[in-house]
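Before any comments, here is the structure.
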């Protein structure tokens, strides 16, 4: 699969490294593809991974991962005019100052994003845990859970495959409206890891009997 990752922060870098190691073609979309930080990332990820301006990454890829701060999502959405046929993985979290949810109850970041992307299939995923767990989702040999949701079954199957390739157990929470549940889960992780001082090596796991 050809995957365009918009954002070169911790989450985007971790996902890019993981998928590139599994043989997927990864291209990073960034405002400064020639910058020192980006070039260092490319060297770490390895041969075959490239960095290009954001519109180019979107146009070149079938699957787009939005791994930017939420307040940058609208700019990315309007970077190109044609999103038809794209699978967009929304890994953002709508965080307001004070580590509070900026969007919730009657909508979600994922639902708002979908209105910006006519013709795209939006799947919420990779937002409920930290980058460290994306690099290594196994705890004592057991996979942690990646919660996803979306309205397109085929798109969710593709995202499930990508998550399982990284080592996650996937739980499909339902349609895109379920992002109203998944996005607050990220705030639980952030609160425990940051505010409660448990650190970033914690994770959620759905246990089945």
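The values are calculated or read from the model by the stated rules, or taken from the named source; none is laboratory data. Treat the numbers as computed from the prediction; the structure is a model and nothing was measured. All Cβ positions, even for glycine, are placed from backbone atoms using ideal geometry, and neighbour counts span all protein chains on display.
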**Message:** I need the full set of residues from the stretch 78-107 which are at pLDDT below 95 and under 13 Å from residue 7 (Cα atoms), in order please.
**Reply:** 92
**Item:** Where residue 158 falls short, out of the listed (1) closer than 20 Å to residue 19 by Cα; (2) in contact with a helix residue (DSSP H, G or I) (Cβ under 6 Å, 6 or more places away or on another chain)
**Value:** (2)
**Request:** Considering only the stretch 1-25, state which residues are touching a helix residue (DSSP H, G or I) at 6+ places or on another chain (Cβ under 7 Å), touching a residue at least 60 places away in the same chain (Cβ under 8 Å) and assigned to a loop (DSSP other than H, G, I, E, B).
**Result:** 22
**Subset of the stretch 56-79 [touching a strand residue (DSSP E or B) at 6+ places or on another chain (Cβ under 8 Å) and under 12 Å from residue 27 (Cα atoms)]** = 56, 57, 58, 60, 61, 62, 63, 64, 65
**Sole exception among (1) closer than 17 Å to residue 113 by Cβ; (2) within 12 Å of the chain's Cα centre (by Cα); (3) buried (at least 20 other Cβ atoms within 10 Å of the Cβ) for residue 13, by number** = (1)
**Request:** Please go through the stretch 83-94 and pick out each residue that is surrounded by 14 or more Cβ atoms within 10 Å (Cβ to Cβ) and free of Cβ contacts under 8 Å to residues at least 40 places away in the same chain.
**Result:** 83, 86, 88, 92
**Asked** Does the stretch 168-181 hold any residues that are buried (at least 18 other Cβ atoms within 10 Å of the Cβ) and touching a residue at least 60 places away in the same chain (Cβ under 8 Å), and which are they?
**Response** 176, 179, 180
